[in-house]
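Before any comments, here is the structure.
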Amino acid sequence: MKRPWWSSGVRFACQASCGRCCDEPGGIVYLAAADAERIAEHEGLTVQDWLARDARTTHDGRYVLKSRESDGVCIHLNAKKQCDIYNVRPQQCKAFPWWSENLATQRSWQETKDRCPGIEAEDALLIDGATVRLHMFADRVSTKGFRTWPPKRSFWNR
Ligand code: SF4
């Protein structure tokens, strides 16, 4: 089988106070069950109460983070363009820019690069293929998501 173009690694470093990947009106952050548990604990709430306060469901019932009504941007992106729950942020956020849709072709990667100044930045580090693959898997788990709490146990929600 042909190795993916990114298998020998890709250069990237998240840029301080950039926030470009979060600052997108209408952007959707799918939640994994582990995200809900971790963030609810950080907020001192039960998972049910946190979901009721900070999440909504998509048309097919998956939980996603709420966006601000004023501009459609994630509720956690603060005025300094920083994530106010950075240390416990959803794994889909953590997995950016290593989403399957971004890595699918060199062309889609170029489009991602146009939006993300961290890709091949001067201070970028080589992120190896195995690490990229782990992030892609985390993104897939999040996109699969969950529709009930507690979630139905499956390969994706363990
Ligand atoms: S939770 Fe944090 S990292 Fe994720 S989109 Fe919102 S501001 Fe960005």
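The values are calculated or read from the model by the stated rules, or taken from the named source; none is laboratory data. Values in this document were obtained by computation on a predicted structure and should not be read as measured data. Neighbour counts are summed over all protein chains in view; Cβ atoms, including those assigned to glycine, are modelled from backbone coordinates with ideal geometry. To get the accessible areas, we keep the full protein, side chains included, count just its heavy atoms, and leave off ligands, DNA and RNA. Shrake-Rupley method; radii C 1.70, N 1.55, O 1.52, S 1.80 Å.
What the table shows:
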read-out	value
Degrees between helix 33-43 axis and first principal axis of the chain (Cα, 0 to 90, nearest 10)	70
About the Cα centre, charge dipole magnitude for the chain (Lys/Arg +1, Asp/Glu -1 at Cβ), debye	600
Acute angle (nearest 10 degrees) that the helix 129-144 long axis makes with the longest principal axis of the chain, alpha-carbon atoms	30
Charge-dipole axis of segment 9-74 as Lys and Arg at +1 and Asp and Glu at -1 on Cβ define it, positive-most pick from Ala55, Cys14, Tyr30	Cys14
In sequence order, calculated HN-Hα J values of segment 85-93 (Karplus, 6.51, -1.76, 1.60; Hz; x Gly/Pro)	10, 3, 5, 10, 4, x, 5, 5, 5
Other-chain or far-sequence residues with amide H under 5 Å of Cys74's (modelled H)	Glu24, Arg68
Arg11 long-range amide H proximity, modeled H, under 5 Å	Glu120, Ile127
³J(HN,Hα) computed for each position of segment 14-19 - Karplus, 6.51 cos²θ - 1.76 cosθ + 1.60, integer Hz, glycine/proline x	4, 8, 4, 6, 8, x
Those GluC sites (Glu not before Pro) in segment 8-108 that DSSP places in a loop and that have at most 16 other beta carbons within 10 Å	Glu69
Segment Val73-Glu24, length gained on full extension (0.36 nm per residue, minus Cα span)	17.1 nm
Cα-based reach from Lys144 at 16 Å (exclusive), listing aspartates and glutamates while leaving out same-chain residues under 8 positions away	Asp35, Asp60, Glu101
Per residue accessible area in Å² of the chain, where ligands, DNA and RNA are left out and the probe is 1.4 Å	60
Paramagnetic label zone (point 7 Å from Cα along Cα-to-C-beta, Ala13; backbone N under 20 Å) in segment 109-128	113-128
Chymotrypsin sites (Phe, Trp or Tyr not before Pro) restricted to segment 51-158 and DSSP loop, no more than 13 other C-beta within 10 Å	Phe155
Cross-link partners of Lys80 among lysines (Cα-Cα below 28 Å; sequence separation of 8 or more within a chain)	Lys66, Lys94, Lys113
Neighbour cut-off at most 14 other Cβ (10 Å), DSSP loop, trypsin sites (Lys or Arg not before Pro), segment 101-155	Arg147, Lys152, Arg153
Rounded tilt (10° steps) of 106-115 against the dominant C-alpha axis of the chain	60
For the chain, Kirkwood radius (reciprocal of mean inverse C-alpha pair distance, Å)	16.6
Solvent-accessible area, 1.4 Å probe, carbon plus sulfur percent, for segment 23-144	51
